[in-house]
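Engineer: If you scroll down you'll find the structure; I have some questions about it.
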Amino acid sequence: RRKMVYRTKELGVRFATLIHPAAIITRWVTFGEGCVVTAGCIFTNQITVGSHVHVNLDCTVGHDVRIDDFVTISPGVHISGNVHLQEGCYIGTGANIIEKRTIGNWSIVGSGSTVVKDVEPNTTVVGVPAQIIKTRDEGWYLR
């Protein structure tokens with residue numbers, strides 16, 4: 001997705017941000033270009049969402065959350081306050097992230113996991129509480 005966006009931008013294409021009318025978003029939320037927010041999502045306040053972020057069905061996003069570019073949030077994810085989702089991370093269906101946590105660049109949080117500690121970049125975590133099962137070399141997502 002990242003490669004295609006950069007190639008398309010070189011052609012001068014601009015991306016729309018699409019927000020379903022059944023999503024609840026306060027006026028204290030900002031979105032970058034190319035985002036998709038589906039039905040049933042709730043965004044509270046002081047939230048910054050980067051570009052090309054996908055937030056799937058029935059997700060909740062707490063206060064003071066920062067979501068960087070190219071993040072994917074699967075259905076039923078709950079993100080507590082003061083969380084930072086760094087570039088390109090993927091949050092699996094039904095995952096929970098407790099407050100004041102950082103999910104590193106290009107990391108993966110498995111479905112149903114509960115994140116209670118920060119997740120390092122390029123790492124896959126699963127379980128309750130989430131544990132590391134895999135790490136990758138930096139730049140693996142560019143291959």
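The values are calculated or read from the model by the stated rules, or taken from the named source; none is laboratory data. Note that the coordinates shown come from a computational prediction; the quantities given were computed from them, not determined experimentally. Don't worry about glycine lacking a Cβ; one is built from the backbone with ideal geometry, like all the others, and counts go over all protein chains shown. For the accessible areas, the whole protein counts, side chains as well, though only heavy atoms, and no ligand, DNA or RNA atoms are used. Shrake-Rupley method; radii C 1.70, N 1.55, O 1.52, S 1.80 Å.
Engineer: Have a look at 80, 123, 95 and report the one farthest towards the positive end of the charge dipole of segment 75-143, computed about the Cα centre with Cβ charges (Lys/Arg +1, Asp/Glu -1).
Structural biologist: The listed residue farthest towards the positive side: 95.
Engineer: Taking R0 as 22 Å, what's the FRET efficiency between residue 99 and residue 45 from their Cβ-Cβ distance, rounded to 0.05?
Structural biologist: Given R0 = 22 Å and the Cβ-Cβ separation, E is 0.90.
Engineer: Let me have the relative contact order for segment 98-143, percent, based on Cα pairs under 8 Å that are six or more residues apart.
Structural biologist: Averaging sequence separation for qualifying contacts and normalising by length gives 31 percent for segment 98-143.
Engineer: Ok, one more. With a 1.4 Å probe and every protein chain left in place, tell me how much accessible area residue 59 has, in Å² to the nearest 10.
Structural biologist: 0
Engineer: GNM on the chain, C-alpha springs below 10 Å: top fluctuator among 26, 93, 60?
Structural biologist: Evaluated over the chain, the most mobile residue of the options is 26.
Engineer: Given the rule -39500 (n - 2.57) for each run of at least 4 DSSP H residues, summed and divided by the residues of the chain, what is its mean residue ellipticity at 222 nm, to the nearest 500 deg cm²/dmol?
Structural biologist: -2000 deg cm²/dmol
Engineer: I've got another one for you. Per residue, what accessible area does segment 8-135 have, given a 1.4 Å probe and all protein chains present, in Å²?
Structural biologist: 47
Engineer: In addition: Explain nothing, just the number: dipole magnitude of the chain about its Cα centre with +1 on each Lys and Arg Cβ and -1 on each Asp and Glu Cβ, in debye rounded to the nearest 20.
Structural biologist: The dipole magnitude comes to about 280 debye.
Engineer: Roughly how many percent of the accessible protein surface of the chain is carbon and sulfur, given a 1.4 Å probe and a whole-percent answer?
Structural biologist: 53
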